[in-house]
Amino acid sequence: MGQLLLLVAVLVASLLQASSGVLACYGPRVDGLRGFLEAQYVPEAGLLRAAVAAYPDNATIWVASDNLLAARALLVLGSPLAGRVLEALERYGGGFDGVHEVLIGYRIPGVFYEAGEVVLGEVYSHSLGAVLVVKRELHCCRVMEDWSQYADLVVYRALDQLLAGDIAGAERLYRLLMSMWDGRGFRDAAFSGAYESYKLALAVYLHRALAAAGSPVVGEYWGVVEECCRLLKLLQRGDGSIATHYRVDDNGAVVPVGDANVETTSITVLALYSAYPLAAGLHARMLELLQDPACG
C-alpha cells in the first residue's frame, strides 16, 4: 500500500499541474474542499458519508455516486484517503451506476432511467456514535424520455458524446444546456425555487472537456462559465464544502441554502481541478496496483 500512495502523490502532482489555469483561479479554496471530504471519511467502511446534517443522508454512505466521485476528487486533491476509498469501492462491487462514471472517463448507456436504490449493509461509526446505512444508487426500469429537460443529464449525455468522438453532438447539447441559464443559475425541469449548485460545476466540467477537444463553441459562453466559477466560490461554506443549493435575492446577493454534501463538493473538485480525460486510465492503473501482492 505504501507504493500505491507514493504513486498517488506523483500522479496527483501531475494532475494538478495539468489542470491549473484560469478557471481554477476563480474556484473555491482547495484546502477547504479537501478538508471537508476527508472529514466525512468513515474508517469502519473505508468510504465517506453523504452529508453532514440533512437526514437521511447524514446517516447514509452512498457507494454510487458519492464515493465513486469522492475517490477521484480526493486523488486530485492529493489526499492519502483516495487509495483507501478506491479499495473499499471494489469490495462493494465498484461505484458505477450507469450515469456518473462518465465524469471519470467511462461511456454510459444510451438511455437514462429513473433512479432507485438498494441497501448493501450497515456499519457502526465510532466517531459519529451512529449506525450508517450503506446504499447504492441504481438507474433502471423506467426510461426517462424527458431527460433533455434536466441540465445534469444534458451534461452527462454530452460528455458521453465526446467520449464517442462526436464533438458536434456534444456542442449541440452544450448549447441546449446554456439555453437553461437564466443569468443566475440553471433553471431546468427540476428547479423549485432554489438553484442546484452541482449543475454549475457540471457546466464548467463540460466547458473544459469541449475546450480540451478543441471545440470553438466554448468561446461563446465564457461569461456564463466565469459566473459559474464565481458562484461556486461564493457557495463554499466555512467547513470547506459547497452548499447544495442557493438563491439569489432581489439585490443580487447569493444566499447559500441546503446541506453540505459529498457529491456536490466532489463534482466541484473534478470540474475545476481535474485534468480531463485522464481519470479513466488513472483508475485502471490504481486497480492494477491494488491487486499487486507487492503493494500489500
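Residues in the range 46-63 that are among the small types (Gly, Ala, Ser) and farther than 12 Å from Val85 by Cα: Ala50, Ala51, Ala53, Ala54, Ala59.
Test of understanding: among Glu122, Glu117, which residue is in a strand (DSSP E or B) and either at pLDDT below 95 or open to solvent by less than 60 Å² (accessible area, probe 1.4 Å) (or both)?
Working: Glu122 fails: either at pLDDT below 95 or open to solvent by less than 60 Å² (accessible area, probe 1.4 Å) (or both).
Sole residue among the options that is in a strand (DSSP E or B) and either at pLDDT below 95 or open to solvent by less than 60 Å² (accessible area, probe 1.4 Å) (or both): Glu117.
Scanning the range 140-171 for residues that are open to solvent by 40 Å² or more (accessible area, probe 1.4 Å) and acidic (Asp, Glu), we see that the one that is farthest from Ala50 (Cα to Cα) is Asp166.
Taking the condition part of a strand (DSSP E or B), buried (at least 16 other Cβ atoms within 10 Å of the Cβ) and either in contact with a Pro (Cβ under 6 Å, 6 or more places away or on another chain) or of a type in the set (Asp, Glu) (or both), does Glu137 pass? So Glu137 fits the description; yes.
For the range 242-296, which positions are β-branched (Val, Ile, Thr) and either modelled with pLDDT under 85 or open to solvent by 20 Å² or more (accessible area, probe 1.4 Å) (or both)?
Taking the range 242-296 as the starting set, the residues that turn out to be β-branched (Val, Ile, Thr) are 242, 244, 248, 254-255, 257, 262, 264-265, 267-269.
Across the range 242-296, the qualifying residues are Val248, Val254, Val255, Val257.
Do the conditions hold for Gly193, that is, is it touching a residue at least 12 places away in the same chain (Cβ under 8 Å) and either in contact with a Pro (Cβ under 7 Å, 6 or more places away or on another chain) or open to solvent by less than 50 Å² (accessible area, probe 1.4 Å) (or both)?
Answer is yes for this residue.
The values are calculated or read from the model by the stated rules, or taken from the named source; none is laboratory data. From a predicted model like this one, the values you see are computed outputs, not experimental measurements. All Cβ positions, even for glycine, are placed from backbone atoms using ideal geometry, and neighbour counts span all protein chains on display. Just the protein is used for accessible areas: all its heavy atoms, side chains included, with ligands, DNA and RNA removed. Shrake-Rupley method; radii C 1.70, N 1.55, O 1.52, S 1.80 Å.
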